[in-house]
Amino acid sequence: MVKIKAGIIGCGAIGSELAKFIDTQVAHMELAAICDAVPQKAKELADNLVKRPAIIDMDRLIDGSELVIEAASKDAAKEIIRKCCDKSRNMLVMSAGAVLEDQSILDHIRKKGIHLYLPSGAIAGLDALKAARAGEISSVTLTTRKPLKALEGAPFIAQNKIKLEDIKEETLIFEGSAAEAVSAFPANINVAALLSLAGIGPKKTRVRIFASPQLEINMHEIEVAGEFGKFTTRTENLPSPHNPKTSYLAVLSAMAMLRQIADTVRVGT
Ligand SMILES: NC(=O)c1ccc[n+]([C@@H]2O[C@H](COP(=O)([O-])OP(=O)(O)OC[C@H]3O[C@@H](n4cnc5c(N)ncnc54)[C@H](O)[C@@H]3O)[C@@H](O)[C@H]2O)c1
């Protein structure tokens with residue numbers, strides 16, 4: 001079997017899990033190279049893999065990979081997407097917010113005929129949303145409930161002088177478009193981006209954020225209404241064991257996509 005040569009940029013919570021997954025569980029792929037802005041992280045990861053990948057810089061990794069996997073940061077993703085586009089490399093991008101902020105890149109990617117894979121991340125329902133989009137959609141709403149701890153440091157909280165410690169019961173603190181939500185709550189950017197890109201765009205997608213003192217995990221509900229009827233999904237996300245800010249479902253969604261890339265049978269939209 002000819003194996004797809006993959007390279008991973010970013011050896012943190014997601015990149016490390018995906019590296020181990022490719023290393024042992026994806027028969028159609030080989031992990032040829034990895035890189036990280038902190039070289040020690042790449043070294044530690046390489047030391048823990050069965051087949052040791054090369055540790056090289058980002059440009060060489062992109063040159064030598066048939067599939068570039070980004071698991072670094074939004075800013076790194078912008079650079080990686082541009083470079084992959086210039087070099088006609090297929091890519092799987094975790095920092096979906098980068099695409100939302102530079103949607104013109106989608107035209108370049110399509111013109112070049114290369115593949116950009118954006119896994120569903122920490123939300124459920126993109127399959128039904130994509131199906132609904134083939135007809136008319138009247139509304140898409142994301143309702144996120146977060147523990148107070150997870151809202152600390154959000155620009156919206158500081159700008160509006162919200163005293164999180166005074167919130168004793170579940171409170172709606174933000175309601176607006178996905179476009180407005182990403183600057184107010186940058187930690188929500190990947191969810192808002194994926195929902196907007198799969199659906200009706202960041203200006204029409206509505207976002208509501210509740211501060212929930214009783215919760216310990218992030219909860220995302222998606223409600224879509226249109227010609228087809230209505231659907232609602234809810235995910236209650238446990239964190240990745242290696243990064244409390246990353247939902248484990250996001251890691252699993254990328255693993256599922258890596259498997260799907262080489263499968264000629266596709267189940268689900
Ligand atoms: N799509 C989704 O649903 C979803 C969910 C969670 C996280 N994410 C995004 O995925 C990315 C990775 O998340 P994570 O939890 O693994 O983060 P992490 O902080 O655990 O790991 C990121 C790693 O990337 C490295 N890095 C940063 N900039 C780099 C650069 N320019 N070049 C090379 N390496 C670089 C860091 O040193 C770190 O090791 C983040 O941007 C995050 O927002 C997406």
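Some points to look at:
- Taken as a whole, the condition of being among the β-branched types (Val, Ile, Thr), touching a Phe, Trp or Tyr at 6+ places or on another chain (Cβ under 8 Å) and more than 16 Å from the ligand (Cβ to nearest atom) applies to Ile209.
- Test: residue in region 108-124 that is surrounded by fewer than 24 Cβ atoms within 10 Å (Cβ to Cβ), within 30 Å of Phe231 (Cα to Cα) and in contact with a Pro (Cβ under 8 Å, 6 or more places away or on another chain): no
- The strands (runs of 3 or more DSSP E) falling completely within region 1-85 that include 3 or more residues that are farther than 20 Å from Tyr248 by Cβ and touching an Asp or Glu at 6+ places or on another chain (Cβ under 8 Å) map to 4-9.
- Pairs are defined by a Cβ separation below 6 Å, a sequence spacing of at least 6 or placement on different chains, a first member in region 48-68 that is more than 14 Å from Ile22 (Cα to Cα), and a second member that is part of a loop (DSSP other than H, G, I, E, B); the pairs so defined are Ile62/Lys87; Ile62/Arg89.
- Per-region count, region 129-152, residues more than 14 Å from Glu227 (Cβ to Cβ) and without any contact (Cβ under 8 Å) to a residue 12 or more places away in the chain: 1
Taken together, the values in this text are just the output of simple stated rules run on the coordinates, not laboratory data. Everything numeric in this text was worked out from a predicted model, so none of it was measured. Cβ: placed from backbone, ideal geometry, glycine included. Neighbour counts: every protein chain shown.
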